[in-house]
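Q: Here's a structure for you.
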Amino acid sequence: MVRRQILVKPNARNASVSVDPKGQLVVAVRAPAQEGKANQELIAVLADYFHPAFSWSRGTLVAIK
């Protein structure tokens, strides 16, 4: 299993996934960071990005501010 740190950017113009020089996934989502809306879109964007190879497992979520 591969673990990656994910940086989520809510309220973006377009949903996208990129990798920064540190190897961290940067995911831009259009939804606001309110009431779990950004998290729901994050899961959908990552599922589209990784296609069937993606499986969601519970892990530790840490807000980096």
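Q: Name the single residue, out of those in segment 1-22 being over 17 Å from GLN40 (Cα atoms), in a loop (DSSP other than H, G, I, E, B) and of a type outside the set (D, E, K, R), that is modelled with the highest pLDDT.
A: My answer is PRO21.
Q: A further question on this structure: Looking at this structure, is ALA31 aliphatic (A, V, I, L, M), outside any strand (DSSP E or B), modelled with pLDDT of 90 or more and touching a helix residue (DSSP H, G or I) at 6+ places or on another chain (Cβ under 6 Å)?
A: Criteria met by ALA31.
Q: Name every residue in segment 49-65 that is more than 18 Å from LEU7 (Cβ to Cβ) and either modelled with pLDDT of 80 or more or surrounded by 10 or more Cβ atoms within 10 Å (Cβ to Cβ) (or both), in order of residue number.
A: Residues satisfying the conditions do not exist here.
Q: Of the residues that sit in segment 21-36 and are within 16 Å of PHE50 (Cβ to Cβ) and out of contact with any Ser or Thr (no Cβ under 6 Å at 6 or more places or on another chain), which one is surrounded by the most Cβ atoms within 10 Å (Cβ to Cβ)?
A: Looking at residues that are within 16 Å of PHE50 (Cβ to Cβ) and out of contact with any Ser or Thr (no Cβ under 6 Å at 6 or more places or on another chain), I get VAL29.
The values are calculated or read from the model by the stated rules, or taken from the named source; none is laboratory data. Worth saying up front: this structure is predicted, and the values here are computed from it rather than measured. Counting neighbours? That spans all protein chains shown, and the Cβs are built from the backbone with ideal geometry, glycine included.
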